[in-house]
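Okay, structure first, notes after.
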Amino acid sequence: MSEDLILEVKRTIVEALNLEDITAEDIDTEAPLFSEGLGLDSIDALELGLAVKNRFGVPMQEDSQEVRKNFYSVATLARYIEENGRSDGR
């Protein structure tokens, strides 16, 4: 997966969740997004899911286990977008 996509995912997280004290560069690509990692919660998950769907054209699954797997980290999310999103990233 490209570094450009990873950076775009990180920027999407920061923008969608209005993270004022965190920059895209601060987010660890492999760290969990929820709980112990970035510390996002269920409300953040809904907002992030909508932002990812709108920005990358990625369909959101109904299966919560599948969503958890794909939204585990920036790396897993970028991989999911790369496999399922629009080719232009917009």
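The values are calculated or read from the model by the stated rules, or taken from the named source; none is laboratory data. Owing to the predicted nature of the structure, the values given are computational and were not obtained by experimental measurement. Using ideal geometry, Cβ is built from the backbone for each residue, glycine included, and neighbour counts are taken over all protein chains shown.
Values for this structure:
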read-out: Every residue from the range 1-53 that is more than 12 Å from the chain's Cα centre (by Cα), farther than 22 Å from Asp63 by Cα and polar (S, T, N, Q); value: Ser2, Asn18, Thr23
read-out: Pairs where the first residue, in the range 65-86, is more than 17 Å from Gly37 (Cα to Cα) and the second is modelled with pLDDT of 90 or more and assigned to a helix (DSSP H, G or I), C-beta under 6 Å, 6+ apart; value: Tyr80/Asn70; Ile81/Phe56; Gly85/Phe56
read-out: Residues (closer than 25 Å to Ser64 by Cβ and either modelled with pLDDT of 95 or more or exposed (fewer than 11 other Cβ atoms within 10 Å of the Cβ) (or both)) located in the range 19-30; value: Ile27, Asp28, Thr29, Glu30
read-out: Hits in the range 23-47 - residues which are farther than 19 Å from Asp4 by Cβ and in contact with a helix residue (DSSP H, G or I) (Cβ under 6 Å, 6 or more places away or on another chain); value: Glu47
read-out: Wholly within the range 1-87, helices (runs of 4 or more DSSP H) carrying at least 3 residues that are of a type in the set (Asp, Glu); value: 3-16
read-out: Checklist (1) touching a Ser or Thr at 6+ places or on another chain (Cβ under 8 Å); (2) at pLDDT below 95 applied to Asp63, failing item; value: (1)
